[in-house]
1. Check every DSSP H run in the chain and write down those whose alpha carbon atoms cover 15 angstrom or more along the long axis and whose mean Kyte-Doolittle hydropathy is -1.0 or greater.
2. If you take the C-alpha gyration tensor of the chain, multiply each eigenvalue by 5 and take the square root, what semi-axes do you get, largest first, in whole Å?
3. Helix-derived [θ] at 222 nm for the chain: sum -39500 (n - 2.57) over DSSP H runs of at least 4, divide by residue count, nearest 500?
4. Select from S52, V40, F10 the residue farthest towards the positive end of the dipole of region 3-92; place +1 on Cβ of Lys and Arg, -1 on Cβ of Asp and Glu, and compute about the Cα centre.
5. Add +1 for every Lys or Arg and -1 for every Asp or Glu among the other residues with Cβ under 14 Å from the Cβ of R39, and state the total.
6. Please report, largest first and rounded to whole Å, the three semi-axes of the ellipsoid equivalent to region 47-89, where each semi-axis is the square root of five times an eigenvalue of the C-alpha gyration tensor.
7. Of the peptides 17-29, 44-56, how do they stack up when ordered by the mean number of other Cβ atoms within 10 Å, highest first?
8. Can you compute the label reach from S32? Point 7 Å from Cα along the Cβ direction, backbone N cut-off under 13 Å, restricted to region 40-65.
Amino acid sequence: MSPSEDDSPFATACRATTRAEFVGALNQLRVSRGLSYQRVSANAGGLAMPKSTAHLLCTGQFPKREDQLRAFLTACGEPAEALGGWVTQWRRL
């Protein structure tokens, strides 16, 4: 299945043509995993991801740094092998 036929959060990120659409994909990922902002923060473990940052990344703030994006994705349960694809889409925008 190609990303254009897929409604997964990653496919949404691949189709994003704006930073706002990419942020929407991040929120889609969080919601699809049933995670609150508090749970995202707790899941980040040793990675810096305050609840307020998780909220901002899902409601309009495009990730400023790669490590911030990776921490969010990891906290949402994305496997390590999937992070590179997300980073590629982030860099594209």
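1. Sorted by number, the helices that extend far enough and score high enough are 19-32, 80-92.
2. The answer is 20, 13, 12 Å, longest axis first.
3. -19000 deg cm²/dmol
4. S52
5. Taking every other residue near R39 into account, the sum is +3.
6. For region 47-89, the semi-axes come out at 17, 12, 8 Å.
7. Answer by packing, highest mean first, reads 17-29, 44-56.
8. Under 13 Å, as judged by backbone N against the label point of S32, lies no residue of region 40-65.
Computed from the coordinates by the stated procedures, all read-outs in this text should not be read as laboratory data. What you see is a predicted model; the values in this text were computed from it and never measured. Backbone-built Cβ (ideal geometry, glycine too); neighbour counts: all protein chains shown.
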